[in-house]
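J.: Sharing a structure here in structure tokens format.
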Amino acid sequence: MVTLEPLRADHADALLAFERENRAYFCRTVPDRGDVYFTAAGFAERHRALLAEQHARVCRFHVVLEEGNLIGRVNLMDVADGSAELGYRIGERAAGRGVATAAVAQVCRLAATEYGLTSLTAVTTLDNPASMRVLARSGFTRVEETTVGGRPGVRYVRRHLDAGHVSP
């Protein structure tokens, strides 16, 4: 069973290990975070910044767990005026098993019921068909082409969030 937990300080070690383990896998379809991000000091600094953003309610960060193991992350960024941007990463070992769809469904319910959001946007690169399928299955509509980290991409939107709309 896939569960979400809000990001906490004590997730740092597991999250860094997850990011390091999946760096090459993620680079196939999303822009790389740069070498400094993957150093202990660089990651610790970024983790503290994320927790501060979460505390300020500017963003809502979550880790995705399966049997207590961190297998992904799903985030709501730039929360304002009832909207936020959805982002997610599921590790290579968990890919292709419906984990991303389940995690997105859970965060959409949280967005509506806990965070009071009414719409979400998301972007993905055109060379990430798995992410496009997750967004389509999760009630997002493709709205325009865009650029993601210098790569061709597409923007999606999901309006009228409600707690029961998306099933895992």
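The values are calculated or read from the model by the stated rules, or taken from the named source; none is laboratory data. If you're wondering where the values come from, they're calculated on a predicted model, not measured in any experiment. Reconstructed Cβ throughout: ideal geometry from the backbone, glycine too, with neighbour counts over all protein chains shown. The area values use the complete protein model at the heavy-atom level, side chains included, leaving out ligands, DNA and RNA. Shrake-Rupley method; radii C 1.70, N 1.55, O 1.52, S 1.80 Å.
J.: Answer yes or no as to whether Leu7 is within 15 Å of the chain's Cα centre (by Cα), aliphatic (A, V, I, L, M) and under 16 Å from Gly91 (Cα atoms).
T.: No: the conditions fail for Leu7.
J.: Among the candidates Arg155, Arg73, which residue alone is part of a strand (DSSP E or B), within 16 Å of the chain's Cα centre (by Cα), closer than 18 Å to Asn22 by Cβ and not β-branched (Val, Ile, Thr)?
T.: Unique residue meeting the criteria: Arg73.
J.: Now, a different point. Can you work out which of the residues in the range 32-73 that are open to solvent by 70 Å² or more (accessible area, probe 1.4 Å) and modelled with pLDDT of 90 or more is farthest from Gln106 (Cα to Cα)?
T.: The extreme case among them is Glu45.
J.: Just checking, how many residues over the range 103-118 are of a type in the set (Gly, Ala, Ser) and open to solvent by 10 Å² or more (accessible area, probe 1.4 Å)?
T.: Final tally of qualifying residues: 2.
J.: Residues being open to solvent by 70 Å² or more (accessible area, probe 1.4 Å), among the charged types (D, E, K, R) and more than 25 Å from Arg109 (Cβ to Cβ): count how many of those fall in the range 1-31.
T.: So the count comes out to 4.
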